[in-house]
Amino acid sequence: MTVLRIAAVSVKPGVGKTTTIMMLAASFKEMGRDPVVADADKGASGLGWMQDADGLSFPVVGQAITTLHRALRQLEAGRDTILVDAPQLEDHEAIGRSALVYSDVWIFPIAPAGIEVRRTMRQLRKKLNEARDMREQLDRPRDPMVEMVLLTRTNRPYATKTGPDAQYRDALTEKGFRVMETVIGFNDDLYRQAYGNPIDTTGTTYPAAASEILTEWEKAKA
């Protein structure tokens, strides 16, 4: 069985990595997959979410270590989906790089705002290349199977042709980033305020995001 290995990665905190990973995990569970979340952030937001919710439909395990690329193999027994909530690269580079080495799907949550996109353009590409170098050193394929930006906190719950969402989508594409068709609309009631509660993806676009990721991964495998 080929395991779907996903990491959500960013340069800075506060972009919605934990929300993205937890909502995606719930979506994959609803699709009939058997996910486990590796909380690699020293803030342990994913673990805290599971504890405050008195358990979730999928397990969350603490893995804030620099040897993720080796340790996470032990979680794969009997599972088909591993999702890594990686810490921000600017503060915990070694752990984040290890998450990128392990994972075959790299997802970059980012809000369509000037400062977010500029920091991604300037800093993320360098960090990703360093992870690629490490993958090569460990005899892994230099590039992941799938690498995509997920626009979060957007103006609409769907891709738009005008406005900041479209503007920054174009800017990211011009810089060589692939942007997902699925977007996550700005809705604190559904997302930020969901922390610590049982996860319900109803009314969100996270199930569509999970489906898009799975489709692209399956294409890459073929």
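The values are calculated or read from the model by the stated rules, or taken from the named source; none is laboratory data. All figures in this text were calculated on a predicted structure; none of them were measured in a lab. Backbone-built Cβ (ideal geometry, glycine too); neighbour counts: all protein chains shown.
In segment 35-65, which residues are surrounded by 15 or more Cβ atoms within 10 Å (Cβ to Cβ) and not hydrophobic (A, V, I, L, M, F, W, C)?
Listed by number, the residues that qualify are PRO35, ASP39, ASP41, GLY43, SER45, GLY46, GLY48, PRO59, GLN63.
Residue check: is GLY16 surrounded by fewer than 23 Cβ atoms within 10 Å (Cβ to Cβ), in contact with a strand residue (DSSP E or B) (Cβ under 7 Å, 6 or more places away or on another chain) and on the phi > 0 side of the Ramachandran plot? Quick ask: steps written out before the conclusion?
Details: surrounded by fewer than 23 Cβ atoms within 10 Å (Cβ to Cβ): yes; in contact with a strand residue (DSSP E or B) (Cβ under 7 Å, 6 or more places away or on another chain): yes; on the phi > 0 side of the Ramachandran plot: yes.
So GLY16 passes the test.
Looking at this structure, is ALA171 hydrophobic (A, V, I, L, M, F, W, C), assigned to a loop (DSSP other than H, G, I, E, B) and modelled with pLDDT under 95?
Against the criterion (hydrophobic (A, V, I, L, M, F, W, C), assigned to a loop (DSSP other than H, G, I, E, B) and modelled with pLDDT under 95), ALA171 does not qualify.
For the list (1) within 27 Å of ARG97 (Cβ to Cβ); (2) out of contact with any strand residue (DSSP E or B) (no Cβ under 9 Å at 6 or more places or on another chain); (3) among the acidic types (Asp, Glu), I need the number of the one condition that GLU212 fails.
Here GLU212 clears every test but (2).
Could you tell me which residue of segment 146-168 is farthest from LEU83 (Cα to Cα), considering only residues that are over 12 Å from the mean Cα position of the chain (by Cα), assigned to a loop (DSSP other than H, G, I, E, B) and not basic (Lys, Arg)?
Taking the candidates together, the pick is THR162.
Kindly check whether there is at least one residue in segment 82-93 that is at pLDDT 90 or above, among the acidic types (Asp, Glu) and not in a helix (DSSP H, G or I).
Yes, because at least one residue in segment 82-93 is at pLDDT 90 or above, among the acidic types (Asp, Glu) and not in a helix (DSSP H, G or I).
When the residues of segment 201-215 are narrowed to those that are without any contact (Cβ under 8 Å) to a residue 60 or more places away in the chain and assigned to a loop (DSSP other than H, G, I, E, B), which ends up nearest to PRO109 (Cα to Cα)?
THR205
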